[in-house]
Amino acid sequence: MSAPPLTRAQSWALVLAATFTMTISYIDRQALAVLAPTITRELHISETQYGLLASAFSLAYLIGAPLAGRWIDRVGARRGLLAAVLLWTVASALHALAPGFGALVVFRVLLGFAESPSFPGASQTVHRALPPAERPRGVGVLFTGSSIGSMIAPPIAVALMAVFGWRGALLVSALSGLVWIPLWMGVAWRSPGREVLDASPEAEVLTEGATAWSAWGEPAVLRTLALIVASSPAIGFVLTWSAKYLVREWGVTQVGVAAFIWLPPLMFDVGSIAFGDLSARLARHPSNARGGTHPGLIAVSGALAAGATLAMVGATSPWMAVGFAGLAMFGGGGTYAMITADMLARIPSHGVSTAGGWCASAQALAFVVANPLIGRGVESWGGYREVLAALAAWVVPGTVAWLVWPRVPAVRAG
């Protein structure tokens, strides 16, 4: 029996609730990055160790995301996201108890595994809640969830640290994620949202032989992964290293970083929504014969991400540096939203969450490799200029690869 239809308001309520899931996950993972100058100083953690610490989360996410995507395809986003949020709240709260570097590594690994179902579950929600014509916009909105979390994490973490210290700040920020649960229960556990998220029409039933590797051979997935690996290090630098960059390069205080690092995530949001909406408008343009994202938009967003990251090298003030970082995130947000929507339009329905897991895993792989290299580069070169130039250059080959990769037609119209 088919699921009852959703009204437009009900469809977007589910999308916004899934977006809020991403917001909560990024508050939990970014709290440590915001307070990194204080935590690394008090626990005697070097730049290289901090890079390894960031990679510990990403490595767990790398391993967990494809498996989580497969799991979400089986149990559904309704149950899967609820279980994931409960687990990662506990893992995040444990950070407050860490006595040193080793314990933090263990807790970051736990958090990475626990958060790995977040993007697969959210992407499945968008796919099932919205009609095909609105999915590019839905994906654009979905990506704002992570950047909203990154944007509000700095003032929240800094304000909590001023009252409770850094350990109390990590604990309270972790527990605050529980406010998402009644919202999700209200929209996803009531009719018709429950039936839509749990629906398993024949076209979406997984075959007996399907595995977490099933989506790997899809050309649309491989093409997307190439650009994710290329663009993620520059985006990850802004999310993970901004506080330490501002303190070291510009003499900004730990408290003062909150006044700066809200801007790049906001620009990521703007880029995700703007490029996502423009991509939806141009998807059926005569010059875009195979549908999906128009290649010209990817060329523009990639050029913005690479060029603005390189421009940070020549910044003469912290606000100029943050402004260039924001422009890079504007391009990065657009890239993420467009290539994800393009991929989802070209793969079978039953592989949506699994493919989303592979995308999250590709981003994690880029972080695993890049973060220790960034830390070692800062220690070796005594600053961030060479690091920023390398991050900018790395965006280019992945963008070119996506543009020249043969495109397959969209799988379906509905």
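The values are calculated or read from the model by the stated rules, or taken from the named source; none is laboratory data. Every value quoted in this text rests on a predicted model; they were computed, and no experiment measured them. Virtual Cβ from ideal backbone geometry, glycine too; neighbours counted across all protein chains shown.
Here GLY140, GLY121, GLY76, GLY145 are screened, and the one residue that is in contact (Cβ under 8 Å) with a residue 40 or more places away in the chain, at positive phi and among the small types (Gly, Ala, Ser) is GLY76.
You will find that of THR7, THR19, the residue that is surrounded by 19 or more Cβ atoms within 10 Å (Cβ to Cβ) and among the hydroxyl-bearing types (Ser, Thr, Tyr) is THR19 and no other.
Residue count for the range 68-93 satisfying the condition of being closer than 19 Å to THR19 by Cα and either over 18 Å from the mean Cα position of the chain (by Cα) or modelled with pLDDT of 90 or more (or both): 14. Screening the range 37-82 for residues that are farther than 15 Å from GLY100 by Cα and of a type in the set (D, E, K, R) and picking the one that is surrounded by the most Cβ atoms within 10 Å (Cβ to Cβ) gives ASP73.
Any residue that is under 20 Å from LEU373 (Cα atoms) and among the hydrophobic types (A, V, I, L, M, F, W, C) - is there at least one of those in the range 37-50? Scanning the range 37-50 turns up at least one residue that is under 20 Å from LEU373 (Cα atoms) and among the hydrophobic types (A, V, I, L, M, F, W, C). The number of residues in the range 85-109 that are under 14 Å from GLY168 (Cα atoms) and part of a helix (DSSP H, G or I) comes to 6. Number of residues in the range 361-384 that are within 13 Å of PHE237 (Cα to Cα) and over 17 Å from the mean Cα position of the chain (by Cα) equals 7.
Put simply, of ALA364, ALA337, ALA341 the only residue that is farther than 20 Å from PHE275 by Cβ and either in a helix (DSSP H, G or I) or touching a residue at least 12 places away in the same chain (Cβ under 8 Å) (or both) is ALA364. Whether any residue in the range 43-53 is among the hydrophobic types (A, V, I, L, M, F, W, C), in contact with a helix residue (DSSP H, G or I) (Cβ under 7 Å, 6 or more places away or on another chain) and in a helix (DSSP H, G or I) is what I want to check. Taking every residue of the range 43-53 in turn, at least one turns out to be among the hydrophobic types (A, V, I, L, M, F, W, C), in contact with a helix residue (DSSP H, G or I) (Cβ under 7 Å, 6 or more places away or on another chain) and in a helix (DSSP H, G or I). The condition of being part of a loop (DSSP other than H, G, I, E, B) and at pLDDT below 95 holds for only one of THR211, THR240, that being THR211. For the range 1-43, which positions are in contact (Cβ under 8 Å) with a residue 24 or more places away in the chain and farther than 22 Å from PHE143 by Cβ? SER2, ALA3, PRO4, PRO5, LEU35, ALA36, PRO37, THR38, ILE39, THR40, GLU42, LEU43 - these are the residues of the range 1-43 that are in contact (Cβ under 8 Å) with a residue 24 or more places away in the chain and farther than 22 Å from PHE143 by Cβ.
Evaluate the following for LEU130: is it crowded, with 24+ Cβ neighbours inside 10 Å, modelled with pLDDT under 90 and hydrophobic (A, V, I, L, M, F, W, C)? Criteria not met by LEU130. Take the residues in the range 253-280 that are crowded, with 19+ Cβ neighbours inside 10 Å and polar (S, T, N, Q), then tell me which one is nearest to the chain's Cα centre (by Cα). Among those that are crowded, with 19+ Cβ neighbours inside 10 Å and polar (S, T, N, Q), it is SER272.
Restricting attention to the range 248-261, which residues are farther than 15 Å from LEU32 by Cα and either touching a helix residue (DSSP H, G or I) at 6+ places or on another chain (Cβ under 8 Å) or part of a helix (DSSP H, G or I) (or both)? Passing the criteria: ARG248, GLU249, TRP250, VAL252, THR253, GLY256, ALA259, PHE260.
Being in a helix (DSSP H, G or I), over 25 Å from ALA364 (Cα atoms) and in contact with a helix residue (DSSP H, G or I) (Cβ under 7 Å, 6 or more places away or on another chain) is a property that ALA31 lacks. On inspection, ARG167 passes the criterion of being surrounded by fewer than 22 Cβ atoms within 10 Å (Cβ to Cβ), of a type in the set (Lys, Arg) and in contact (Cβ under 8 Å) with a residue 24 or more places away in the chain. Annotation note: Cβ proximity below 7 Å between a residue of the range 377-406 that is touching a residue at least 12 places away in the same chain (Cβ under 8 Å) and assigned to a helix (DSSP H, G or I) and a residue that is buried (at least 21 other Cβ atoms within 10 Å of the Cβ) and of a type in the set (Lys, Arg) (sequence gap 6+ or interchain) occurs for TRP402/ARG223.
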